[in-house]
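Before any comments, here is the structure.
The values are calculated or read from the model by the stated rules, or taken from the named source; none is laboratory data. Predicted model, so just to flag it, every value in this text is computed and none were measured. All Cβ positions, even for glycine, are placed from backbone atoms using ideal geometry, and neighbour counts span all protein chains on display.
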Amino acid sequence: MKTRRFDPKKEYPIASKRPDLIKTITGIEYKALNLENLISGKIDIQEIRISPETLEFQAQVAEKHGRPQLALNFRRAAELTRIPDEEVLKIYHALRPGRSTKEELMRMAEELIKKYQAKLNAAFIREAVKIYEKRNLLKKG
């Protein structure tokens, strides 16, 4: 992901100090994202979704303020923007205790990497598998 120059200490909050950095996935500027444009059809509901680039800016802010876990969460969220909603829901349900076998979850992690380049989310699933194994939370069979 290509990120524009951003100083998280000086330019946060982004919306008020650097609105030029905030764009939708298709490039619509922040100032055009309003209810009037949505109702009139000038912008589509999909344009309201946050972009991976904006999430990366948020991750940088979190890091500068000593919040590495929050930064990681923003980066995982950025990866999730590339994954269809139906697939995200499938992953959510598969990660519920007792719903999936180790093999199913490991296949899901591999698919995230191959199909969506979602390495952080794949690592999250693999970490969950280790914990589920220890706590006996994997589906049998």
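Of all residues being basic (Lys, Arg) and either touching a His at 6+ places or on another chain (Cβ under 6 Å) or loosely packed, with under 15 Cβ neighbours inside 10 Å (or both) in the range 53-90, which is nearest to residue 122 (Cα to Cα)? Just the residue, please. Among those that are basic (Lys, Arg) and either touching a His at 6+ places or on another chain (Cβ under 6 Å) or loosely packed, with under 15 Cβ neighbours inside 10 Å (or both), it is 90. Counting just the residues of the range 91-104 that are in contact (Cβ under 8 Å) with a residue 12 or more places away in the chain and under 25 Å from residue 59 (Cβ atoms), which one comes out surrounded by the fewest Cβ atoms within 10 Å (Cβ to Cβ)? The selected residue is 95.
Between 98, 141, the distinction of being modelled with pLDDT under 95, of a type outside the set (Asp, Glu) and farther than 30 Å from residue 25 by Cβ belongs to 141 only. Does residue 89 satisfy the criteria of being touching a Pro at 6+ places or on another chain (Cβ under 6 Å), outside the structural domain of residue 31 (by TED's automatic domain parsing) and on the phi < 0 side of the Ramachandran plot? Criteria not met by residue 89. Among the criteria (1) within 20 Å of the chain's Cα centre (by Cα); (2) farther than 29 Å from residue 28 by Cβ; (3) surrounded by 13 or more Cβ atoms within 10 Å (Cβ to Cβ), the one residue 114 does not fulfil is (3). So, residue 50, is that one under 11 Å from the mean Cα position of the chain (by Cα), surrounded by 13 or more Cβ atoms within 10 Å (Cβ to Cβ) and hydrophobic (A, V, I, L, M, F, W, C) or not? So residue 50 fits the description; yes. When the range 20-43 is filtered for residues that are basic (Lys, Arg) and farther than 18 Å from residue 78 by Cα, the ones remaining, listed by number, are 31, 42. When the residues of the range 1-35 are filtered to those that are part of a loop (DSSP other than H, G, I, E, B) and basic (Lys, Arg), the one that is surrounded by the most Cβ atoms within 10 Å (Cβ to Cβ) is 18. Go through the range 36-89 and give me each residue that's of a type in the set (Gly, Ala, Ser), free of Cβ contacts under 8 Å to residues at least 40 places away in the same chain and assigned to a helix (DSSP H, G or I). Across the range 36-89, the qualifying residues are 40, 59, 62, 71, 77.
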